[in-house]
Amino acid sequence: MDRYLKIALAKGRLAVQAAELFEKIGVDCGFIKSDSRKLVVRDPENRMEFILVKPSDVTKYVEQGAVDMGIVGKDTLMEQQPDLYEVLDLGIGKCRMVVAGKPEAKDNYRDNARVVATKYPAIARRYFREKGESVRVVKLDGSVELAPIAGLADVIVDLVETGRTLRENGLVVFEEIFPVSARLVVNKVSLKMENEKITHMLKALRDILRKAG
Ligand code: PRP
């Protein structure tokens, strides 16, 4: 009997969108859209197993070979720079990584930004280092928009999707760092060992994405 192809999905909104893509290629992912608390679910017919993990943990499961593949945001890949193959842009989970802050600080923030709050310290450090600017980075775990308001930081580096969180907190985008979308990633050994199955799935997903335009 074929072994199961294992896939790690980032819990939450992205998992639901990923499940919709897999359903289009005939994989049973209905459980992801239900409010089940299960973390491992199998589709025996297609010999596929899905595990649901925190977004920042997806790459660990893939890198270590605990799963063959994963779906994860480009933001996480840029932050963690894991040792795996990024094989497909799924075009879901689209948003932007930006520098943002109070509107009055926008014009001369380059000269004055000294403290940057973010959930993405590696991305923030790299970005400001490449610009030749020295900043202190404060790593936060969430609600980063609070930092400039509360006086913890001059600017933030964070994701913007609809822009609503920034707007409702009186902040504006200063600069875009890079666009973000969800990527299909593959363990390096799995790509060799399970090449036929993975290639087949990639082709099916590419066809769906092409049709979706
Ligand atoms: C993300 C991000 C922004 C917000 C952007 O936070 O860090 O805060 O979503 O979305 P918007 O532009 O549509 O308002 P998340 O919801 O993951 O919460 P967190 O900040 O507590 O991690």
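The values are calculated or read from the model by the stated rules, or taken from the named source; none is laboratory data. Just so we're clear, the structure is a prediction, and the values are computed from it rather than from any experiment. FYI the Cβ positions are ideal-geometry reconstructions off the backbone, even for glycines, and counts take in every protein chain you see. Keep in mind that these areas ignore ligands, DNA and RNA; they rest on the heavy atoms of the full protein, side chains included. Shrake-Rupley method; radii C 1.70, N 1.55, O 1.52, S 1.80 Å.
Of note:
- Region 4-21 - residue that is within 16 Å of the chain's Cα centre (by Cα) and assigned to a loop (DSSP other than H, G, I, E, B) and, of those, farthest from Leu39 (Cα to Cα): Gly12
- Qualifying residue in region 169-185 (condition: closer than 30 Å to Leu5 by Cβ, open to solvent by 50 Å² or more (accessible area, probe 1.4 Å) and in a strand (DSSP E or B)): yes
- Candidate set from region 50-93 (those that are open to solvent by 30 Å² or more (accessible area, probe 1.4 Å) and either assigned to a strand (DSSP E or B) or in contact with an Asp or Glu (Cβ under 6 Å, 6 or more places away or on another chain) (or both)); member that is farthest from Met193 (Cα to Cα): Asp89
- Number of positions in region 122-137 that are of a type outside the set (Asp, Glu) and under 16 Å from Phe178 (Cβ atoms): 9
Here's the yes/no breakdown for (1) under 25 Å from Ala15 (Cβ atoms); (2) crowded, with 17+ Cβ neighbours inside 10 Å; (3) aliphatic (A, V, I, L, M); (4) not assigned by TED's automatic domain parsing to the domain that holds Leu14:
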| site | (1), (2), (3), (4) |
| --- | --- |
| Asn112 | no, no, no, yes |
| Ala117 | no, yes, yes, yes |
| Ile123 | yes, yes, yes, yes |
| Val137 | no, yes, yes, yes |
| Val144 | yes, yes, yes, yes |
| Val155 | no, yes, yes, yes |
| Arg167 | no, no, no, yes |
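- Taken across region 124-143, residues that are more than 13 Å from the ligand (Cβ to nearest atom), hydroxyl-bearing (Ser, Thr, Tyr) and out of contact with any Ser or Thr (no Cβ under 9 Å at 6 or more places or on another chain) do occur, with at least one present.
- For region 48-74, a residue qualifies if it is of a type in the set (Lys, Arg) and either touching a Leu at 6+ places or on another chain (Cβ under 6 Å) or free of Cβ contacts under 8 Å to residues at least 60 places away in the same chain (or both), and the qualifying residues are Lys54, Lys60.
- Candidates Asp35, Asp2, filtered to the one that is among the acidic types (Asp, Glu) and either touching a residue at least 24 places away in the same chain (Cβ under 8 Å) or on the phi > 0 side of the Ramachandran plot (or both): Asp2
- Counting only residues that are within 6 Å of the ligand (Cβ to nearest atom), in contact (Cβ under 8 Å) with a residue 12 or more places away in the chain and out of contact with any Lys or Arg (no Cβ under 6 Å at 6 or more places or on another chain), region 146-164 holds 3 of them.
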